[in-house]
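Worksheet for the structure shown next.
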Amino acid sequence: MSLQPIAPRYSPYQGPAAGWGALRSVTHAWLDSKQPFKNLRALLKTNQHGGFDCPGCAWGDSPHDDRIKFCENGAKAVNWEATKRRVDAAFFARYSVAQLREQSDYWLEYQGRLTEPMRYDAASDHYLPVSWDAAFALIAEHLKGLTDPNQAEFYTSGRASNEAAFLYQLFVRAFGSNNFPDCSNMCHEASGIALNQTVGVGKGSVTFDDFALADAIFVLGQNPGSNHPRMLEPLREAVARGAQVVCCNPLKERGLERFQHPQHPLEMLSNGSAATHTAYFRPALGGDWALLRGMAKQLLAWEREQPGEVFDHAFIAEHTQGIDSYLAELDATSWEAIEAQAGIDLAEIRQMAALYRNAERVIMCWAMGITQHQHSVATIQEIVNLMLLRGNLGRPGAGLCPVRGHSNVQGDRTMGINERPPAALLDALQARFNFQVPRAPGHNTVEAINAMLEGRSRVFIGLGGNFAQATPDSPRSHQALSQCALTVQISTKLNRSHLTCGTDALILPCLGRTDIDHQAGGPQAVTVEDTFSMIHASHGQLEPLSREMRSEPAIIAGIAQATLGRHPVDWNALIVDYGRIRELIADCIPGFADFNQRLQQRGGFYLGNAASTRQWRTASGLANFSSQPLPASLLPTQISQSGAQADLILQTLRSHDQYNTSLYGLDDRYRGVKGQRQVLFINAEDIQRLGFEPGQKVDIDSLWNDGVQRQVRGFTLLAYDIPSGQAAAYYPEANPLVPLDSFGIHSFTPTSKFIGITLSAHQANGSARII
Ligand SMILES: Nc1nc2c(c(=O)[nH]1)N[C@H]1C(S)=C(S)[C@@H](COP(=O)(O)OP(=O)(O)OC[C@H]3O[C@@H](n4cnc5c(=O)[nH]c(N)nc54)[C@H](O)[C@@H]3O)O[C@H]1N2
Ligand SMILES: Nc1nc2c(c(=O)[nH]1)N[C@H]1C(S)=C(S)[C@@H](COP(=O)(O)OP(=O)(O)OC[C@H]3O[C@@H](n4cnc5c(=O)[nH]c(N)nc54)[C@H](O)[C@@H]3O)O[C@H]1N2
Ligand SMILES: [Mo]
């Protein structure tokens, strides 16, 4: 199967976000799926009662609104999954693994759905068909052959349902390990850590309804136009009713500027659009901590001018601790340090502080622009500090909103996919299932890669995702996987993780959200949790492409039964009816009592959030202010020690045509890029300063102090409206540049938004790698 090459183009996009551009794009994706009418029927069931949960992002919808929600990128996600193309035994007979490795990530996924279990055959370098039973037996043999259960890594990507995640963690803990690296380690880990420590719950405190009540919504380090398009509607409504929407992002993202509502016929016909922001600030990469600190320092100055008028003293006295040392820290932080790191001037910081102060009810939203940094935990703690100063927590229209990524990444954590599990969870499992639950912390993603590289881990099992491409330092993570004795990928689509495999390797094809999940007890629903802690059921709608595909819970049960027998449960009996798994969840996980009954409610049920009712499940029993000095420099010492001077600081981000490592196409409509992804967004003045020409191809090296060369080659320079000193490139193409040891303090999240780089003219004779 070949893909038509598209001539690369680059020209600014003038239209609003969504609207006609989105409709055209969806129609294209829809026709490309090869089963347009079936998929239209499926689309109408997305996020509807009795339908399926969108496999796209984790944004939630209003529980009171039954209208069909149109979202371009959700539609693309559905079409991408619900293709008629198949990657079957004949496909794998046609291509060796070495040949497949030469293909791009886009080509690999485009080939269609994986439809039968396959086992790697090293002698022929081909994947060959294998029976499910033989596959399960092979996994059991490898796992039982380990000298220590901690020599295996059990990865999870955030699409796994609650039922699959619960079974998976139960199996892995019964096997004896807490090695649960997951996509969350690379995503909102810092949010979980910072929020647990400060307010006692590692999740957002707001619900969908709060957005209609807020006087100001801050959107920090997030690009909802591409990644959470359904969020544009509440933002636009907020602007329309006179609330402030304050964006903080070095890039002028189209979705944060104007939005054309695809469901407002008049607006579509008149080609009108509405604003999605009222103020826009463009900080330095990693500068958010300093600017939030500056806002707090300004509030303190105003509070001193007008005592009692700015801070919420009653809230602070009753609900918090640590204010005194925090205020001392504000005094100790100089305006010069703040301005130097924030990358915006003091007048703008004061303006942001005024917007915050003048709003009675504030919601702060954030995503990867905040979390994928060295100081991300401290930055999120500073967001909390700011919110505590004015009691913006635990009242209507106010609160914290880490906007989650994968559609069930939050639920997976709730179900216990956690390498550092809370003792209460382990106690509950031990009491319910009567086995000695492992207590030692397991590996996160970075630790898992190191363990595989050092030969301490020998088996890798991936419940979804694309570990090879999503992780940092690609050559090293590829090597880590290929050194394993066994790699197992439970997947819907072919990706590079299947091709950077261990000595033994299995591809286990699974059902996705859109597929009907037939079991002995009838078609099964699964459940998910959205960013607002709403739990709802998801019912697949389309007949699976092949009878050989199995559901994720069935695959996990198969592996568990082969490895552990009926210990501690009869795994296969649970698969007959997932209601049985939900009963176990109800027994073990707080908030899930009467799970099966409560699922019947329209729109699902709310799990609750203690912080939103001003109960603080912290060690102190109060909400904690966090006081720590800003770092002396944002540049990690490893970069300054490298001996080279960084030309630019690079962030890696998503285009409009991708879902993480799944590329739906090679365009990035809102940024004006067509038919190409190996590009570097860079300021025109920086192009000149560094002695290049716009459109020129460069090789990019990243800086670190370990003597390893990290390079990507042949990237085209695009003169872009980006603050000078910064650059941006797409994930995953730029992942080889992220050093494995460059991660957030406490979070271990790779610093994908802060990479020191140097540029050189492209050398055509180097060995270009297709990634
Ligand atoms: N269609 C689609 N939807 C998705 C995804 C997808 O790939 N495609 N991925 C899903 C997942 S897993 C996630 S986690 C989310 C990701 O959603 P986002 O967090 O929106 O994703 P990114 O593309 O990484 O964008 C980060 C944004 O932060 C800005 N930024 C970068 N560094 C900084 C900084 O230092 N400070 C500030 N203030 N801003 C900064 C960038 O300019 C960019 O606009 O989306 C989810 N939804
Ligand atoms: N440089 C850089 N790196 C990053 C990021 C970044 O911004 N910059 N973002 C990080 C973030 S936020 C995240 S969340 C991670 C994402 O990391 P992952 O979650 O590991 O990656 P995905 O690309 O979402 O995984 C795609 C694959 O999942 C499989 N899949 C899709 N749907 C299903 C399903 O329903 N079930 C199963 N079993 N498999 C399925 C398909 O085979 C597909 O090829 O990447 C991180 N890596
Ligand atoms: Mo994510």
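The values are calculated or read from the model by the stated rules, or taken from the named source; none is laboratory data. Computed from a predicted model, the values in this text were never measured in an experiment. Cβ placement follows ideal geometry from the backbone for every residue including glycine, while neighbour counts extend to all protein chains displayed. Heavy atoms of the whole protein, side chains included, go into the accessibility calculation; ligands, DNA and RNA do not. Shrake-Rupley method; radii C 1.70, N 1.55, O 1.52, S 1.80 Å.
So the values come out like this:
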{"item": "Chain lengthening between Ala619 and Ser124 when straightened (0.36 nm per residue, less Cα-Cα)", "result": "172.4 nm"}
{"item": "Partnerless cysteines, meaning none of the other Cys C-beta atoms lie under 4.7 Å away, in the chain", "result": "Cys54, Cys57, Cys71, Cys183, Cys187, Cys247, Cys248, Cys484, Cys501, Cys510, Cys588"}
{"item": "Zero-based 5 Å bins, Cα pair distances in the range 146-266, whole percents", "result": "2, 9, 13, 15, 16, 13, 10, 8, 6, 4, 2, 1, 0, 0"}
{"item": "Sites Asp427 and Ala761 - FRET efficiency at Förster radius 56 Å, r taken between beta-carbons, to 0.05", "result": "0.40"}
{"item": "The range 42-136: trypsin sites (Lys or Arg not before Pro) in DSSP loop, at most 13 other beta carbons within 10 Å", "result": "Arg67, Lys84"}
{"item": "For the range 453-478 and the range 160-224, distance of Cα centres in Å", "result": "22 Å"}
{"item": "Gap separating the Cα centres of the range 10-62 and the range 686-734, nearest whole Å", "result": "33 Å"}
{"item": "Accessible area (Å², per residue) of the range 461-590, counting only protein heavy atoms and a probe of 1.4 Å", "result": "27 Å²"}
{"item": "Accessible surface of the range 21-81 [probe 1.4 Å, protein heavy atoms]: carbon and sulfur percent", "result": "62 percent"}
{"item": "Listed peptides 389-397, 564-572, 300-308 by packing density, highest first (mean Cβ within 10 Å)", "result": "389-397, 564-572, 300-308"}
{"item": "Residue-normalised accessible area of the range 637-761, expressed per residue, 1.4 Å probe, Å²", "result": "33 Å²"}
{"item": "Distance from the range 491-526 to the range 78-138 (C-alpha centre basis), Å", "result": "11 Å"}
{"item": "Cα-centre dipole for the chain with unit charges at Cβ (Lys and Arg positive, Asp and Glu negative), debye to 20", "result": "1400 debye"}
{"item": "Length-normalised contact order of the chain in % [C-alpha pairs under 8 Å, at least 6 apart]", "result": "21 percent"}
{"item": "Burial order of peptide ranges 126-137, 250-261 (average beta-carbon count within 10 Å, highest first)", "result": "250-261, 126-137"}
{"item": "Whole-percent carbon and sulfur share, accessible surface of the range 189-234, 1.4 Å", "result": "59 percent"}
{"item": "Equivalent ellipsoid semi-axes - Cα gyration tensor, the range 635-771, angstrom", "result": "22, 18, 15"}
{"item": "Kirkwood Rh, Cα atoms: Rg over Rh of the range 21-81", "result": "0.95"}
{"item": "Eligible lysines near Lys144 by straight Cα distance, threshold 29 Å, same-chain separation 8 or greater", "result": "Lys493"}
{"item": "³J(HN,Hα) computed for each position of the range 200-212 - Karplus, 6.51 cos²θ - 1.76 cosθ + 1.60, integer Hz, glycine/proline x", "result": "x, 9, x, 9, x, 9, 8, 10, 4, 5, 4, 4, 6"}
{"item": "Estimated FRET transfer efficiency (Asp148, Ser325; beta-carbon r; R0 60 Å; 0.05)", "result": "0.90"}
{"item": "The range 189-407 - charge dipole about Cα centre, Lys and Arg +1 at Cβ, Asp and Glu -1, debye rounded to 20", "result": "580 debye"}
{"item": "Residue-normalised accessible area of the range 326-391, given per residue in Å² at a 1.4 Å probe", "result": "29 Å²"}
{"item": "Rounded to whole Hz, the Karplus (6.51, -1.76, 1.60) HN-Hα couplings of the range 337-353, x for glycine and proline", "result": "5, 4, 5, 4, 8, 5, x, 10, 7, 5, 4, 5, 5, 5, 5, 4, 5"}
{"item": "Relative frequency of Cα-Cα separations exceeding 44 Å in the chain, percent", "result": "21 percent"}
